[in-house]
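J.: First the structure, which I've put down as structure tokens, then a few questions once you've had a look.
Nothing in this text is a laboratory measurement; each read-out follows from the coordinates by a stated rule. What you are looking at is a predicted structure, and each value in this text was computed from that prediction instead of being measured. So basically every Cβ, Gly included, is an ideal-geometry build from the backbone, and we count neighbours across all protein chains shown.
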């Protein structure tokens, strides 16, 4: 059995009925990450099809931490619960579907260690690419990301991508107010911008998931993205003001 070291980076993965596919996801992460790490796989209830395979994996590798979310159902609450329970000073949020490049977790972590509060894996900068996925979703995401970069100066061309690294202290200071979808990525980028905290990006190649169906619902979640999109524009705010604004927007 691998003895776990004090993690330098914590990886949070929200899951919903991934079944045996979680094994391949974890294998890719441990093949790609060289830093001491822990991986919190967060599920909503014990009936989730991911749980059996997850617990078998964790029995042989203590870096894997099966984590039952008690904040309520949905990916936003699962991610928030995971971040609230990490041990490392840097957290990377990634998905279980194989779309994200696990080999970039180290690089994202090191950017945060150098002083940025958000390090984004960007599909829309030079060297980045998105392969597959619904056309409408990708077009809206690209439009949002590029317009936020050029007009709100948020520091990344891909604010909507969930695959990001965060300084845990920053996240706990600003709080996560999203409560349903995957809008946490744009929320935290927008809060960093209003605080004038540094955000950086690296190019990534995103691949449409090979198994199962995405849980992203465009029509349902667009309004939630829009409120954080609008919040990115505006003068510098104090931490207290950002916290208050987040409560109003939630």
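J.: Order by neighbour count: 175, 60, fewest other Cβ atoms within 10 Å first, most last.
T.: 60, 175
J.: May I pose another question? Sort 103, 38 so the one with the fewest other Cβ atoms within 10 Å of its own Cβ comes first.
T.: Starting with the residue having the fewest Cβ neighbours, the order is 103, 38.
J.: A further question follows. How do 166, 229 line up, fewest other C-beta atoms within 10 Å first?
T.: In increasing order of surrounding Cβ atoms, one gets 229, 166.
J.: When DSSP beta bridges are limited to those with both residues in the stretch 9-249, what percentage is antiparallel, rounded to the nearest 5?
T.: Percent antiparallel among DSSP bridges in the stretch 9-249 is about 25.
J.: I want to verify a result. In a Gaussian network model of the chain, Cα cutoff 10 Å, which of these has the top mean-square fluctuation: 181, 74, 24?
T.: Result for the chain, Cα springs under 10 Å: 24 fluctuates most.
J.: Pairing the Cα long axis of helix 21-32 with the longest principal axis of the chain, what angle in degrees results, from 0 to 90 and rounded to the nearest 10?
T.: 80 degrees
J.: With angles folded into 0 to 90 degrees, how steeply does helix 50-60 sit against the dominant principal axis of the chain? Use alpha carbons for both and round to 10.
T.: The angle comes out near 60 degrees.
J.: Picking from 184, 202, 222, which is most flexible by a Gaussian network model of the chain using Cα springs under 10 Å?
T.: Per the Cα network of the chain with a 10 Å cutoff, 222 tops the list.
J.: Once you have all Cα-Cα distances for the stretch 17-151, histogram them in 5 Å bins from zero and send the whole-percent values.
T.: Here the calculated profile for the stretch 17-151 is 2, 9, 16, 20, 20, 16, 11, 4, 1, 0.
J.: Identify which of 98, 145, 72 has the largest mean-square fluctuation in a Gaussian network model of the chain, with springs joining Cα atoms closer than 10 Å.
T.: Sorting by GNM fluctuation, first place goes to 72.
J.: Run the numbers on the chain and let me know its relative contact order in percent, using alpha-carbon pairs under 8 Å that are six or more apart.
T.: 21 percent
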